[in-house]
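The values are calculated or read from the model by the stated rules, or taken from the named source; none is laboratory data. Keep in mind it's a predicted model, so treat the numbers as computed, not measured. Neighbour counts are summed over all protein chains in view; Cβ atoms, including those assigned to glycine, are modelled from backbone coordinates with ideal geometry. These accessible areas exclude ligands, DNA and RNA; they are computed on the full protein's heavy atoms, side chains included. Shrake-Rupley method; radii C 1.70, N 1.55, O 1.52, S 1.80 Å.
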Amino acid sequence: MDVPVIPNTGRILDVWLGGQHHTSADHEAAQLFSGIYERFPEVFQTLRQYIVRASQQLHQQGIDRFLVLGAGIPSCGNVHEAVPNARVLYTDIDPYNIELGKQLLENTSRADYSYCDANDFSTCDKDALRQVLETSDTSPIGYVVVGITVFMRDEAVSALFQSLYEHAPAGSRVIFDLDSHALSHFPEALAILGDNFHMRTPEDFATLIQPWRVSEPGIQPVQSWNNHQPNTDLPVFMYGGIAKK
Ligand SMILES: C[S@@+](CC[C@H](N)C(=O)[O-])C[C@H]1O[C@@H](n2cnc3c(N)ncnc32)[C@H](O)[C@@H]1O
């Protein structure tokens, strides 16, 4: 596959996480955003640490299979590294991320990467779901919906969570995040991201994802979610939480 000339947010995160799987266009875009706010790398490192803590907590609660939507690059502490014994299916719509992801996971028997458009859950590759998650199994699934609803309209977020609810065995959980209005202080960044960038409040988000019910400790800044040593001087760009069926 040709190396893409358009940057992708998953690979921009790879730049900021110190990964090796991005293009020069991704690197340039990462530098452009860091020039607007020099702490963006730290913000997204904090988001990845949240994914690690949340997926490990679910694993401690007995969940050993995960479906990750809008996954980006499966490295730098992503779910199968945070929970090495779990079965993990990563999905995305970006063909280059899918190809890179498949290469990265070639020798990892319990994880794979395939297509799924979060705007239409029926597009998820059924064979991959069956093979990796063994969907005939009725034990709970951990869904990971992080870094993606910000690019979705309210109706699409609501439809996705409804589809996941119908797909989920009882006891399943969703690890989610939402973007606060903090980016309003950086109009240059917002101008690059355009109209397709949706900032929300925790209250509005909890309503959008019903019938999923948010578990204790509720929706918290990602840096302090289940973290006893939070980085408190970082603005709250994202909130996170776990919701249960
Ligand atoms: C900001 S990155 C998040 C990556 C990862 N979840 C994380 O938090 O580190 C967003 C990812 O969502 C993917 N994406 C964008 N729209 C999507 C859609 N409709 N369905 C699935 N993936 C999508 C992008 O290709 C990108 O890899």
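Excluding residues fewer than 8 places away in the same chain, name every one of the aspartates and glutamates whose C-alpha is closer than 18 Å to that of residue 245.
Leaving aside aspartates and glutamates fewer than 8 places away in the same chain, those within reach of residue 245 are 64, 137, 166, 177, 216.
Which are the unpartnered cysteines of the chain, meaning those with no other cysteine Cβ under 4.7 Å from their Cβ?
76
Just report the Cα centroid separation between the stretch 153-172 and the stretch 213-245, whole Å.
Measuring centre to centre over Cα atoms gives 20 Å.
Grab the beta carbon distance between residue 123 and residue 185, set R0 = 35 Å, and tell me the FRET efficiency rounded to 0.05.
So the FRET efficiency works out to roughly 0.45.
Based solely on its DSSP helices, what 222 nm [θ] is calculated for the chain when runs of n ≥ 4 H residues each add -39,500 (n - 2.57) and the sum is averaged over all residues, nearest 500 deg cm²/dmol? Provide the component values of the computation, followed by the final result.
On the way: 9 runs with 92 residues, N = 245.
After summing the helix terms and dividing by the residues of the chain, the value is -11000 deg cm²/dmol.
How many Å² of accessible area per residue for the chain, probe 1.4 Å?
Spelled out: the 1.4 Å probe surface of the chain, per residue, equals 46 Å².
For the stretch 100-120 and the stretch 129-152, what is the separation of their C-alpha centers, rounded to whole Å?
Here the two parts' Cα centres lie 12 Å apart.
Using unit Cβ charges (K, R positive; D, E negative) and no other charged atoms, how large, in debye to the nearest 20, is the dipole of the chain about its Cα centre?
Computed charge dipole of the chain: roughly 780 debye.
Keeping all protein chains in position, work out how much accessible area residue 51 exposes to a 1.4 Å probe, and write it in Å² to the nearest 10.
20
The chain: longest stretch without exposed GluC sites (Glu not before Pro) (DSSP loop, at most 15 other Cβ within 10 Å), sites themselves excluded?
In short, 135-245.
Identify which of 218, 72, 18 has the largest mean-square fluctuation in a Gaussian network model of the chain, with springs joining Cα atoms closer than 10 Å.
Answer for the Gaussian network model of the chain: 18.
I'd like the accessible area for residue 120, computed on protein heavy atoms only with a 1.4 Å probe and all protein chains in place. Round to 10 Å², please.
Rounded to the nearest 10, the figure is 70 Å².
Express the carbon and sulfur contribution to the solvent-accessible surface of the stretch 45-244 as a percent, rounded to the nearest whole number, probe 1.4 angstrom.
Values: 4170 of 8900 Å².
Accessible surface attributable to carbon and sulfur in the stretch 45-244 totals 47 percent.
Go through 204, 94, 195 and list them by solvent-accessible area, largest first, probe radius 1.4 Å. Show your work: numbers first, answer last.
Working: 204 90, 94 30, 195 150 Å².
Ranked from most to least accessible, the order is 195, 204, 94.
What accessible surface, in Å², does a 1.4 Å probe find on residue 59, ignoring ligands, DNA and RNA and rounding to the nearest 10?
60
Mark the label point 7 Å from the Cα of residue 233 along Cα→Cβ and return the residues of the stretch 22-54 whose backbone N is within less than 19 Å of it.
In the stretch 22-54, the label zone of residue 233 (backbone N under 19 Å from the point 7 Å along Cα→Cβ) covers 37-47.
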